[in-house]
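Have a look at the structure below before the remarks.
The values are calculated or read from the model by the stated rules, or taken from the named source; none is laboratory data. On a predicted model such as this, the values are computed, not experimentally measured, just so you know. Cβ: placed from backbone, ideal geometry, glycine included. Neighbour counts: every protein chain shown.
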Amino acid sequence: IFGRYKEEDKRFYLKMSEKDFEIGDLVWAKMKGYPFWPAKIQNPPNDTKSSTPKKPKHFVFFFGSKNCAWILDENIVPHSAEMLNNVSKKKSSSFVKAIDEIIEASGSVASKLKDVKEDSAKKDKSALKSTALQSPEKIAKIPSVKDNESSNKLPTVRIEKRGRKPKQKINEQKNENTNKKTPLKRSLQEDASNRLSPPVQKLCKKSDGYSDLIPFAYNPIAVFQPLDDLSVKPGKNSELVPGPSFVSSQVVTKSPGGFIPTEKKIGLIGLGNMGQTLVKKLLDSGHNVSVWNRTPEKCEQFAEAGVCVYTVLADIIFNCDIIFCCVSGPEAAKTIVFEKEGVLKGLEKCRPGTKGYVELTTIDPVTSQEIAEAITYGGGKYLEAPMSGSRARAEEGSLVILGAGDRDLFYSCESCFYAISKNTFYLSCEVGKGSQMNLILSMLVGTACGALAESIALIDQCDLPKDHFLEILRSFPLACDLFSEKGRAIIAGDFTADIPLKYQQKDMNLALTLGDKYEQPLALTSHANELYKFAKFLCYSEDDVAAVYFGANFNRRNSNAAVP
């Protein structure tokens, strides 16, 4: 399914969605990147702040995954036999579980409604008898009820169409409406609300341990259920649309290092400079790691250290529980998944729901969603977790991880993220949000480095001492490690790659493409990107991002010196 429907399917879902919903109604809801999923309408969290949403939406509990999210009404349709018949033949284990749960829930709701109808029918019969004794002449005016017909018909759940209340009065009338619910819907509502989880959490690494989850403000779209085996203590839920939310929790730590390495087998695809650093950090932290690389020569040092090296890509998928992919860019990431003996081939041999695929590569949101679709339909779980930081940060274990996708998989990777990152964020269940955030942050870094390069180029033109410029800059509010490190590198002429310039320019291009999609002007980023292109023209692609200085100083170099 996944949003690519035929025209008749589109008309079917649009027709099915033309209804209003009540708390406890069984529905099918669709999130971006996922098929229509069995779900149930439930009350939003109790501490919801009043707001006027742009489009009508409902708070939905998803069967199978036990997640919750705000879903637009246009993406919700009532539960029916037609929806069950339209389900794709190829289903993941969690999807199958969700279908079983909604069928069971619809049966229990129907049986309870039948009991209620039977009780009311008995009361009506007794009322008729008493009325008949008092005034027999009224019997002829009362329409007869055929018991045989009512007993033979199967009980059904009727969804009534109701007028929508003004949006600004929804929160004011919430308590009043809750008191008017039937015992059936109240019990369903309480059962679902008891299982809600805290919103997004920032996993923060301290100097000696990892005992705290630091509050983090953000504007996500969904709240998820906690896993049964998580060590995170659940907190109160809060509405995540449209304002920011804050949560403070604790992680139970059981070792001096602040975490216990997961017992799951870890596989890593891609042994570039960053990939090799990640493998070393995971091995040092006690993880069971296997590797695969397209060029076997890079695997030799790890084979000598006792690491299991696979020569066939599909084999590492079959033999590992969680597979990390760290390659050069979007095209390489797609090739890894879709090639003949690639990731999808390995998933064919595995039981659905047993494999997790984590994309660490910086890629665009569209590519990430395509990979997520393929992995999910192949029976795997998908998480995008692009890394923000340099090679030096990776060696220090102080990268920033920006996760989006399967929350179950996110927490399964907890010990791995602690080994390689300083701060880890779970942004959203919607695949693509982590990629977007990563590109925007990388865009900011690239633009800042371009501004620094232009400033130092102008310092050169004015014949001012560059070391004085950096010393003065340290006393400014703009002072930061990035300016200090790259400024020293420019002055010293040391452009040993920490953040390779070609990768930074690639990120700038992806960010500009993202801006085009949303029609967002990015004039500064566009100009900075030209500086990087000049530097690449001058053969500085393999050098550090600080070499953008030569792009900023291009005109002077072109008139006074030869191109290297």
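Here are a few things to note about the model shown:
- Residue match in segment 462-482 (condition: in contact with a strand residue (DSSP E or B) (Cβ under 6 Å, 6 or more places away or on another chain), among the aromatic types (Phe, Trp, Tyr) and more than 30 Å from LYS349 (Cβ to Cβ)): no
- Residue within segment 322-330 that is more than 21 Å from ASP406 (Cβ to Cβ), of a type outside the set (D, E, K, R) and in a loop (DSSP other than H, G, I, E, B) present: yes
- Test for LYS433: is it within 15 Å of SER388 (Cα to Cα), of a type in the set (D, E, K, R) and touching a strand residue (DSSP E or B) at 6+ places or on another chain (Cβ under 8 Å): yes
- For ALA489, the test of being outside any helix (DSSP H, G or I) and surrounded by 17 or more Cβ atoms within 10 Å (Cβ to Cβ) is failed.
- For ARG393, the requirement of being basic (Lys, Arg), surrounded by fewer than 22 Cβ atoms within 10 Å (Cβ to Cβ) and farther than 20 Å from PRO330 by Cα is met.
- Of the residues making up segment 399-421, those that are part of a helix (DSSP H, G or I) and either closer than 20 Å to ASP364 by Cβ or touching a Gly at 6+ places or on another chain (Cβ under 9 Å) (or both) are ASP408, LEU409, PHE410, SER412, SER415, PHE417, TYR418, ALA419, ILE420.
- Across segment 266-306, the qualifying residues are those that are touching a helix residue (DSSP H, G or I) at 6+ places or on another chain (Cβ under 7 Å) and part of a loop (DSSP other than H, G, I, E, B), and the one among them that is nearest to LEU399 (Cα to Cα) is SER285.
- Residue pairs meeting the criteria (Cβ under 9 Å; at least 6 apart or on separate chains; first closer than 15 Å to ASP321 by Cα, in segment 336-362; second part of a loop (DSSP other than H, G, I, E, B) and of a type in the set (A, V, I, L, M)): GLY346/VAL312; VAL358/ALA385; GLU359/ALA385
- Any hit, segment 340-362, residues being in a helix (DSSP H, G or I), of a type in the set (Ser, Thr, Tyr) and more than 29 Å from MET443 (Cα to Cα): no
- Yes/no for THR311 being surrounded by fewer than 17 Cβ atoms within 10 Å (Cβ to Cβ), closer than 15 Å to GLY346 by Cα and hydroxyl-bearing (Ser, Thr, Tyr): yes
- Some residue of segment 501-515 being assigned to a helix (DSSP H, G or I) and more than 20 Å from SER328 (Cβ to Cβ): yes
- Condition met for SER421 (at negative phi and in contact with a helix residue (DSSP H, G or I) (Cβ under 7 Å, 6 or more places away or on another chain)): no
The rows are residues; the columns are (1) surrounded by fewer than 22 Cβ atoms within 10 Å (Cβ to Cβ); (2) in a loop (DSSP other than H, G, I, E, B); (3) at pLDDT 85 or above; (4) on the phi > 0 side of the Ramachandran plot.
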{"residue": "TYR5", "(1), (2), (3), (4)": "yes, yes, no, no"}
{"residue": "LYS10", "(1), (2), (3), (4)": "yes, no, no, no"}
{"residue": "ASP20", "(1), (2), (3), (4)": "yes, yes, no, no"}
{"residue": "VAL27", "(1), (2), (3), (4)": "no, no, yes, no"}
{"residue": "VAL60", "(1), (2), (3), (4)": "no, no, yes, no"}
{"residue": "ILE71", "(1), (2), (3), (4)": "no, no, yes, no"}
{"residue": "MET83", "(1), (2), (3), (4)": "yes, no, no, no"}
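- Where GLY389 falls short, out of the listed (1) out of contact with any strand residue (DSSP E or B) (no Cβ under 9 Å at 6 or more places or on another chain); (2) more than 18 Å from PHE318 (Cβ to Cβ); (3) not aromatic (Phe, Trp, Tyr): (1)
- Yes/no for LEU409 being among the aliphatic types (A, V, I, L, M), out of contact with any helix residue (DSSP H, G or I) (no Cβ under 9 Å at 6 or more places or on another chain) and crowded, with 19+ Cβ neighbours inside 10 Å: yes
- Sole residue being among the small types (Gly, Ala, Ser) and modelled with pLDDT of 95 or more, chosen from ALA552, ALA528, ALA562: ALA528
- Residue check, LEU473 surrounded by fewer than 19 Cβ atoms within 10 Å (Cβ to Cβ) and either modelled with pLDDT under 95 or under 19 Å from LYS502 (Cα atoms) (or both): yes
- When SER328 is tested against (1) crowded, with 19+ Cβ neighbours inside 10 Å; (2) touching a Lys or Arg at 6+ places or on another chain (Cβ under 9 Å), only condition (1) is not met.
- Hey, GLU454 more than 24 Å from GLY272 (Cβ to Cβ) and not in a helix (DSSP H, G or I) or not: no
- Selection from segment 439-476 of residues that are of a type in the set (A, V, I, L, M, F, W, C) and in contact (Cβ under 8 Å) with a residue 24 or more places away in the chain: LEU439, ILE440, LEU441, MET443, VAL445, ALA448, CYS449, ALA451, LEU452, ALA453, ILE456, ALA457
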